[in-house]
Amino acid sequence: MDRRSDRESNGSGSPSAVIVRAAEYVRMSTDHQKYSTENQAEAIRQYAARRGIEIVRTYADEGKSGLRLDGRDALKRLIDDVQSGATDFTAILVYDVSRWGRFQDADESAYYEYICKRAGISVQYCAEQFENDGSPVSTIVKGVKRAMAGEYSRELSVKVFTGQCRLIELGYRQGGPPGFGLRRSLIDQSGAPKGELARGAHKSIQTDRVVLVPGPTEEIEIVRWIYRSFVSEKKTESEIADALNERGVVTDLGRSWTRGTVHQILINEKYIGNNVWNRASFKLKRKRIHNLPAMWIRADGAFKAIVDRTMFDAAQAIIHARSLRLSDEEMLKALQQLLQDRGYLSGLLIDESENLPSSSAYQSRFGSLLRAYQLVGFAPDRDYRYVEINRTLRRMHPQIVTDTVTGIRQAGGLVEQDPESDLLTINREFTASVVVVRCLTTSTGSRRWKIRFDVGLWPDITVAVRMDEPNQNALDYYLLPRIDMTVPNVRLAEDNGVSLDAYRFETLDAFFALAARATLQEVA
């Protein structure tokens, strides 16, 4: 397209008005179709045409919440361009105040606009009934609009939370894996079963609901055996875990049993059919918090129980008695001894320690784990947690590699594993490396993952296993080809755009399909 000069000539040859060059910013959330990026852009173009403005650049955030700057890569890029002076425009066109953001602090919205204004770039709201010209009236109206945009999100959060509470009370499952011995079943609005939801699968019809149902008979029997062993035979969680591992039984995630995984089965009410939700909150994209039991939302008897209530209550009594037998001083002394032995503390470490009450017992007795840590002189430090998580992930890595090799062979592929580097050579055609990527939580509550490529090996495909927030289970998988990965590391956020998320998969089935061999007859 031919760029016009900054001035145009009118019919008599005299100069006309200066052409304003502008960038448009559009953001689509899930509010309503009228706020789609296409419709926003159309309204902005009409606004620009009426005023003789030339749109030279577009910044678009699609499917992004306006509550925070995190995750809104286009807006961050826009602000960075403005601050660095790398702009070829003097105005930014936005559909309305809410598209700029529904920040809970109206001053944050004003701050980002001020950055632009300070750089000599105006922000113009195309669908608002006021001119953003800095006049007292526009300033007052804009402030009200910002507050209303934030209040809309707060009201919506309350409505959504109320709706979720209602669904829980009706016995419907609200997210999360079913757990060992259970499965997720999809039902329609009349309650008729529609089939089982596989791990990682989601319902596609809004009126459908999810409930928990008993899983395979062999898994149910193992769950009941765990309770009998704990209650009747007085075995500890560690002894039960060792017995299951010796029998070759794996968890629902295909991993070895630990004291902690057994403990979770013994304390989770879903095994007696209770639907419990809101143990933790992450409202309005703020910091995740653990709620007191009084704030939990529950529906007793919502699902078919696979453990007898009497047996469950007996298990809880044993678990609670372990801490009730101890005074506050004795519990803290045991915790302090663990701190001296290991040099750090964590909920996972407490749950995996045989001679300590569970982390939930410390939370119940002292109000929170943080309070218990303070009483024994431990200040949770990022480096300590980093060391503990890394140790855990290093222990998990060999099993993940073994599972990957098994999956390749089951798919009919040939695989050779280098004993030194764990590099996999598949069908003697391409190489792959498996890396486990820990989850980091930023100070603002956002999750981040940093994938480090093995530049010494540079496999054809890097299988990145992205961990969940507690760094206990795989969240998803990225199959990253070397030809597209030209840097030594990649940082992932919760949403990364099509350039990276195109390589994201819920399972490794797609990778196993790459390794599958086809006969000549099949190819023909």
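The values are calculated or read from the model by the stated rules, or taken from the named source; none is laboratory data. In this text, all values refer to a predicted model and were calculated from it rather than measured experimentally. So basically every Cβ, Gly included, is an ideal-geometry build from the backbone, and we count neighbours across all protein chains shown. Surface accessibility is based on the protein's heavy atoms, side chains included, excluding ligands, DNA and RNA. Shrake-Rupley method; radii C 1.70, N 1.55, O 1.52, S 1.80 Å.
Say whether the condition of being surrounded by fewer than 17 Cβ atoms within 10 Å (Cβ to Cβ), more than 30 Å from the chain's Cα centre (by Cα) and free of Cβ contacts under 8 Å to residues at least 12 places away in the same chain is met by at least one residue in the stretch 249-269. So far as the stretch 249-269 goes, no, none of its residues is surrounded by fewer than 17 Cβ atoms within 10 Å (Cβ to Cβ), more than 30 Å from the chain's Cα centre (by Cα) and free of Cβ contacts under 8 Å to residues at least 12 places away in the same chain.
Of the strands (runs of 3 or more DSSP E) lying entirely inside the stretch 410-524, those carrying at least 1 residues that are open to solvent by 70 Å² or more (accessible area, probe 1.4 Å) and free of Cβ contacts under 8 Å to residues at least 24 places away in the same chain are 415-417. Quick check on the stretch 386-401. Is at least one of its residues modelled with pLDDT of 80 or more, among the hydroxyl-bearing types (Ser, Thr, Tyr) and open to solvent by less than 70 Å² (accessible area, probe 1.4 Å)? Looking through the stretch 386-401, none of the residues is modelled with pLDDT of 80 or more, among the hydroxyl-bearing types (Ser, Thr, Tyr) and open to solvent by less than 70 Å² (accessible area, probe 1.4 Å). If you check SER190 against the conditions, is it under 21 Å from PRO177 (Cα atoms), part of a loop (DSSP other than H, G, I, E, B) and among the hydroxyl-bearing types (Ser, Thr, Tyr)? No. Given the criteria part of a loop (DSSP other than H, G, I, E, B), within 23 Å of ILE400 (Cβ to Cβ) and touching a helix residue (DSSP H, G or I) at 6+ places or on another chain (Cβ under 8 Å), does GLY248 qualify? So GLY248 does not fit the description; no. Test ASN278 against the criterion of being at pLDDT below 80, surrounded by 15 or more Cβ atoms within 10 Å (Cβ to Cβ) and either more than 24 Å from VAL223 (Cβ to Cβ) or aliphatic (A, V, I, L, M) (or both), and give yes or no. The answer is yes for ASN278.
Scanning the stretch 344-365 for residues that are closer than 18 Å to LEU393 by Cβ and in a loop (DSSP other than H, G, I, E, B) yields a count of 3. When the stretch 93-127 is filtered for residues that are in a helix (DSSP H, G or I), modelled with pLDDT of 85 or more and among the acidic types (Asp, Glu), only GLU113 remains. Would you confirm, using the coordinates I've provided, whether LEU338 is within 19 Å of SER238 (Cβ to Cβ), open to solvent by less than 70 Å² (accessible area, probe 1.4 Å), modelled with pLDDT under 85 and part of a helix (DSSP H, G or I)? For LEU338, the condition - within 19 Å of SER238 (Cβ to Cβ), open to solvent by less than 70 Å² (accessible area, probe 1.4 Å), modelled with pLDDT under 85 and part of a helix (DSSP H, G or I) - is not met. Scanning the stretch 128-145 for residues that are hydroxyl-bearing (Ser, Thr, Tyr) and either modelled with pLDDT of 80 or more or open to solvent by 30 Å² or more (accessible area, probe 1.4 Å) (or both) turns up SER135, THR139. Name, by its number, the condition in (1) assigned to a helix (DSSP H, G or I); (2) at pLDDT below 80; (3) within 24 Å of the chain's Cα centre (by Cα) that does not hold for MET148. Evaluating MET148 over (1) assigned to a helix (DSSP H, G or I); (2) at pLDDT below 80; (3) within 24 Å of the chain's Cα centre (by Cα) leaves (3) as the failure. In the stretch 309-335, of all residues being closer than 17 Å to LEU370 by Cα and without any contact (Cβ under 8 Å) to a residue 12 or more places away in the chain, the one that is surrounded by the fewest Cβ atoms within 10 Å (Cβ to Cβ) corresponds to GLU329.
Checking each residue in the stretch 214-260 for being closer than 30 Å to PRO193 by Cα, touching a Phe, Trp or Tyr at 6+ places or on another chain (Cβ under 8 Å) and of a type in the set (S, T, N, Q) picks out only THR251. Residues in the stretch 223-245 that are assigned to a helix (DSSP H, G or I) and surrounded by fewer than 18 Cβ atoms within 10 Å (Cβ to Cβ): ARG224, TRP225, ARG228, SER238, GLU239, ASP242, ALA243, ASN245. Selection of the stretch 357-367 for residues being out of contact with any Leu (no Cβ under 6 Å at 6 or more places or on another chain), on the phi < 0 side of the Ramachandran plot and open to solvent by 20 Å² or more (accessible area, probe 1.4 Å) yields SER360, SER364, ARG365, PHE366.
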